[in-house]
Amino acid sequence: MEGASSRQLVTQSENATFFTMEQLEKLKYYEKGSMEKVTFLIQQKLAELDQTELNIAVTGETGTGKSIFINAMRGLEDTDEGAAEVNVKETTMKPTMYPHPNQSTVCYWDLPGIGSTTFPAGEYLKKMEFGRYDFFIIISANRFKENDAILAKEIKKLGKNFYFVRAKVDQDIYSMTKGGKKKINVEEKLDIIRSDCVNNLRKVGIQTPPVFLISSFEQDRYDFNCLNDKLEGDLPNIKKRIFVLAYANRSVEIVQRKSKMLQQHVWMSATISGAVGAVPIPGLSLACDITILIEEIISFRKHLGLDEASLQRLANITEKPVKELKAVVNPLLLGIINKDIIKRLGWGATSVAVSALEVGLNFIPIIGSIFGAGSSFLMTYRILTDALKDLTESAERVVKVAYGID
C-alpha cells in the first residue's frame with residue numbers, strides 16, 4: 001500500500017461507492033487510532049443499507065397491464081402469494097403497495113388507473129400523492145392516449161424521473177401477423193410504435209422521452225432488460241444496490257451482478273466481527289462472530305435466490321420441477337445454516353493469510369484498524385468470501401437449469 005492514499009484507493013474501488021467522501025475522510029482519520037469509531041460508522045452504513053427504501057409508482061390507464069408488469073418485475077406469477085391482482089376489471093381503488101419478496105424495502109405501488117369514472121384525470125394527480133415516489137413508470141397499451149401525455153407532463157413538473165413503457169407489444173405483433181399467418185418486418189413495426197410514443201410525448205414538451213417497448217410475459221425480448229438497465233443506471237448508489245438485489249434471477253449475469261453487490265458487505269461485516277467478542281468454531285483455528293456469519297450467509301442465500309420460497313417461485317415461472325433446481329445445489333446450502341454447517345462446508349478452513357494490499361485494493365482502505373482487530377476479522381472475511389463464492393456458483397447452476405442455458 002506504500003504511496004497509495006485512501007482517496008486513490010477509493011477511486012479504484014466500486015466497493016467504496018456506498019460511502020460519501022465525508023464518511024471516507026472520517027474512516028481515514030479514525031483508522032489512525034479509533035477502532036470503536038470505525039466500527040460505529042460501518043454499523044451505521046450497514047443499517048442504512050438495510051433500511052433504505054425504493055418506492056416505484058406504476059401508473060397508467062385502466063387495463064394496460066400494470067399489475068402484470070409489477071408481478072414480472074418482482075419475479076412472480078399472478079397465482080403466487082403476494083402477487084398483484086390481475087383482472088380485466090378495475091381492481092385498484094387506491095395506491096396499493098407490493099413489496100419485493102426478497103427485498104422488502106423495494107416497493108412497487110400499483111396506482112389506480114387514470115381516466116376511469118372513479119379517478120378522472122382532473123382529480124387523479126392530487127389524490128395519488130405523487131411526491132412519495134422515487135420515480136414513475138407510465139404503462140400504456142394499444143395506442144398512445146391523452147391521459148398518457150397528462151401523466152408525463154405532470155410528473156415532469158414534479159422534477160422526478162418517469163419512464164414510458166408501451167406494454168403488450170407481443171400482442172400487437174401477433175395481431176399484425178394475423179396469428180402468425182402473415183409475414184411482417186417486426187423491427188420496422190416496433191420502430192413505428194416507438195416513434196408514435198416519442199412524437200406524442202414531444203408534443204407536450206418532453207424532448208428526449210425514455211420509451212421502452214415490452215412484453216411482461218416475454219422478458220428476454222424487446223426492451224424489458226433495457227428498461228431495468230436504465231432504471232439501475234439512473235439510481236443513486238445505495239438505491240441502485242437494493243434495486244439490483246431485487247432483480248429476478250433470469251440470467252447468469254444477473255446472479256453475478258448481485259454477487260458483486262453482496263461482496264461489498266464482506267469487509268464491513270468482517271470489521272464488525274473484529275471489534276466484538278469472538279468465539280472459536282470447533283475445528284477451525286481462528287475465532288469469529290458466529291451470529292454475524294450466520295446472518296450474512298442466510299442473507300446472501302436469499303438475495304441469490306437459493307432459499308426455499310425463491311426456488312419455488314423460479315420453478316413456477318419456468319415450469320421446471322423445484323426438485324430439478326435443488327439438485328444442482330449442495331444440499332448443505334439448502335437447510336439450516338449453523339456453525340456445524342460452516343465447518344462441514346470447509347469455509348475458512350484454508351489459509352487466512354490475507355494481505356493488507358489485497359484487502360486495500362478491493363475494499364475501503366482502513367487497513368490499520370481492521371488488521372489491528374486481529375484474527376477475527378481475517379476469519380470472518382475468509383468464511384464470508386468462501387460462502388458467497390459457493391452460493392453464487394450454485395445460483396448460476398440453478399439459473400442454467402431453470403432456463404435451459406448451456
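Annotation: L361 fulfils all but one of (1) open to solvent by 30 Å² or more (accessible area, probe 1.4 Å); (2) under 29 Å from S251 (Cβ atoms); (3) at pLDDT 90 or above; (4) among the hydrophobic types (A, V, I, L, M, F, W, C); the unmet one is (3).
In segment 263-270 there is no residue matching the filter, namely being open to solvent by 10 Å² or more (accessible area, probe 1.4 Å), of a type outside the set (S, T, Y) and within 23 Å of I70 (Cα to Cα). Among the residues making up segment 233-261, those that are open to solvent by less than 10 Å² (accessible area, probe 1.4 Å), in contact with a strand residue (DSSP E or B) (Cβ under 7 Å, 6 or more places away or on another chain) and in a helix (DSSP H, G or I) are I242, F243. Residue pairs whose Cβ atoms lie under 6 Å apart, sitting 6 or more positions apart in sequence or on different chains, and linking a residue in segment 236-259 that is under 14 Å from I56 (Cβ atoms) to a partner that is crowded, with 17+ Cβ neighbours inside 10 Å and of a type in the set (S, T, Y), are I242/T105. In a residue-by-residue description of segment 160-181, the property of being on the phi > 0 side of the Ramachandran plot, assigned to a loop (DSSP other than H, G, I, E, B) and either open to solvent by less than 20 Å² (accessible area, probe 1.4 Å) or touching a strand residue (DSSP E or B) at 6+ places or on another chain (Cβ under 7 Å) (or both) applies to at least one position.
Name the residue that is nearest to F243 (Cα to Cα), counting only residues in segment 304-329 that are among the hydrophobic types (A, V, I, L, M, F, W, C) and open to solvent by 60 Å² or more (accessible area, probe 1.4 Å).
Kept after step one, since they are among the hydrophobic types (A, V, I, L, M, F, W, C), are these residues of segment 304-329: 304, 306, 309, 311, 314-315, 317, 322, 325, 327-329.
Of the ones still in play, those that are also open to solvent by 60 Å² or more (accessible area, probe 1.4 Å) are 317, 327.
Working: I317: 20, A327: 29 Å.
Once the filter is applied, the top-ranked residue is I317.
Do you know which of the residues in segment 141-158 that are under 26 Å from the mean Cα position of the chain (by Cα) and under 14 Å from V204 (Cβ atoms) is surrounded by the fewest Cβ atoms within 10 Å (Cβ to Cβ)? Here the answer is K156. Selection of first residues in segment 197-208 that are more than 18 Å from L158 (Cβ to Cβ) and of second residues that are among the aromatic types (F, W, Y) and outside any helix (DSSP H, G or I), restricted to Cβ pairs under 7 Å at least 6 apart or on distinct chains, gives the following pairs, ordered by first then second residue: C197/F144; C197/F164; N200/F144. Among the residues of segment 219-228, those identified as assigned to a helix (DSSP H, G or I) and more than 15 Å from I56 (Cα to Cα) are F224, N225, C226.
Inclusion of E295 among residues that are modelled with pLDDT of 85 or more, closer than 18 Å to G75 by Cβ and either more than 20 Å from the chain's Cα centre (by Cα) or surrounded by fewer than 16 Cβ atoms within 10 Å (Cβ to Cβ) (or both) is not warranted.
Considering segment 322-358, and only residues there that are acidic (D, E) and modelled with pLDDT of 80 or more, the residue that is farthest from S394 (Cα to Cα) turns out to be D340.
Taking first residues from segment 128-151 that are part of a loop (DSSP other than H, G, I, E, B) and partners that are of a type outside the set (A, V, I, L, M), the Cβ contacts under 6 Å between residues at least 6 apart in sequence or on separate chains come to Y133/N55; D134/N55; F144/D196; F144/C197; F144/N200.
Is it the case that segment 203-213 has a residue that's over 20 Å from I56 (Cβ atoms), surrounded by fewer than 17 Cβ atoms within 10 Å (Cβ to Cβ) and of a type in the set (S, T, Y)? Don't jump to the end; show me each part of the working.
First pass over segment 203-213, keeping only residues over 20 Å from I56 (Cβ atoms): 203-205, 207-208.
Among the residues that remain, those that are also surrounded by fewer than 17 Cβ atoms within 10 Å (Cβ to Cβ) are: 203-205, 207-208.
Checking the rest, the ones that are also of a type in the set (S, T, Y) come to 208.
For segment 203-213, residues over 20 Å from I56 (Cβ atoms), surrounded by fewer than 17 Cβ atoms within 10 Å (Cβ to Cβ) and of a type in the set (S, T, Y): present.
I need the full set of residues from segment 169-212 which are in contact with a helix residue (DSSP H, G or I) (Cβ under 9 Å, 6 or more places away or on another chain) and within 13 Å of R143 (Cβ to Cβ), in order please. Answer for segment 169-212, where residues must be in contact with a helix residue (DSSP H, G or I) (Cβ under 9 Å, 6 or more places away or on another chain) and within 13 Å of R143 (Cβ to Cβ): V169, D172, I193, C197, N200. If you go through segment 262-284 one residue at a time, do you hit one that is at pLDDT 90 or above and part of a helix (DSSP H, G or I)? Yes.
A Cβ distance below 7 Å, combined with a sequence gap of six or more or placement on separate chains, defines the contacts here; from segment 326-338, residues that are on the phi > 0 side of the Ramachandran plot reach no residue that is surrounded by 14 or more Cβ atoms within 10 Å (Cβ to Cβ) and part of a loop (DSSP other than H, G, I, E, B).
The values are calculated or read from the model by the stated rules, or taken from the named source; none is laboratory data. Remember, predicted model here, so these are calculated numbers, not experimental data. Please note: Cβ atoms are built from the backbone with ideal geometry, for glycine as well, and neighbour counts cover all protein chains shown. Heavy atoms of the whole protein, side chains included, go into the accessibility calculation; ligands, DNA and RNA do not. Shrake-Rupley method; radii C 1.70, N 1.55, O 1.52, S 1.80 Å.
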